[in-house]
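Written out below as structure tokens is the structure these notes cover.
None of the figures in this text is laboratory data; all of them are computed from the coordinates on show. Everything numeric here is computed off the predicted structure, so don't read it as measured data. So basically every Cβ, Gly included, is an ideal-geometry build from the backbone, and we count neighbours across all protein chains shown.
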């Protein structure tokens, strides 16, 4: 499938992945993240079930302390 | 657009500022200078000497509340700005009440958990309000890594990498750059809206 991840085109061999699987595949190990699929916020407990399919727009924003 | 026209538009606008530390105090001052009509500021903290390396406060304000001092400092710069100050710790319950009438909300917390909480709370209760967040501004140098990018109604300012630590403290120049980048993004939202 082809998706948009953080405003960039990305290809994955599978037709469907959960957010947890995408994080694993991309090696994202950030402690705190804001994740959206097509603008819908995916809360932490929904990461194992939220599905990403071809054409989806996925945003993964890494929360960083400082301000 | 001439500055007079810009001021006419901005004086009708309300901007919420969540946190009055390095990002919040500097961003609020920039927005006050250009004449945003109403600023709603919130913070629970008092000013410590260690804050003065980046926050818009003065030696004689150490020990006082950040919100009331920031309100006073803004008044000295531009008395036409109406400042509503809330001395409290922002949480998922009070954020919708305090910021629901804002045209834009600026996220200006220091802790990642609080940034996350504000984004989730705004999404649940005030999803149409643009959020301008600060992510990654620790240390010094590396100016070219600072950027603004848009993710739906969230505008992200910072390098999105450098987290504060003992060896990578927050310092006036880079924190100020991101705070002003946030203020600049607020103007972009408010003025391009016209």
Given the range B:45-115 reduced to its alpha-carbon atoms as identical point scatterers, what log10 I(q)/I(0) does the Debye formula return at q = 0.13, 0.17, 0.19 Å⁻¹?
-> -0.45, -0.78, -0.96
Given that compact globular proteins tend to follow 2.2 N^0.38 Å, what is the ratio of the alpha-carbon Rg of the protein assembly as shown to that value?
-> 1.03
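So what's Rg/Rh here for the range B:130-194, counting alpha carbon atoms and using the Kirkwood radius for Rh?
On the way: Rg = 12.3 Å, Rh = 12.1 Å.
Dividing the radius of gyration by the Kirkwood radius yields 1.02.
Convert 20 °C to kelvin, take the viscosity as 1.002 mPa s, use the Kirkwood radius over C-alpha pairs of the range A:2-62 as Rh, and evaluate the Stokes-Einstein diffusion coefficient in µm²/s, rounded to a whole number.
187
Using only Cα atoms, figure out Rg for the range B:9-192 and give it as a multiple of 2.2 N^0.38 Å.
Details: Rg = 15.0 Å, N = 184, 2.2 N^0.38 = 16.0 Å.
Relative to the rule-of-thumb radius for its length, the range B:9-192 sits at 0.94.
Test of understanding: ordering A:8, B:174 by Cβ neighbours within 10 Å, fewest first, what list do you get? Kindly include the intermediate steps, with their values, before the conclusion.
On the way: A:8 7, B:174 25.
In order of increasing Cβ crowding within 10 Å: A:8, B:174.
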Share antiparallel - DSSP beta bridges, the range B:9-192, percent rounded to 5 = 25
In the protein assembly as shown, what % of DSSP beta bridges are antiparallel (nearest 5)?
-> 50
Helix-derived mean residue ellipticity, 222 nm - over the protein assembly as shown, DSSP H n ≥ 4, -39500 (n - 2.57), to 500 = -9500 deg cm²/dmol
In nm², the average projected area of the convex hull spanned by the Cα atoms of the range A:28-67 is 3.5
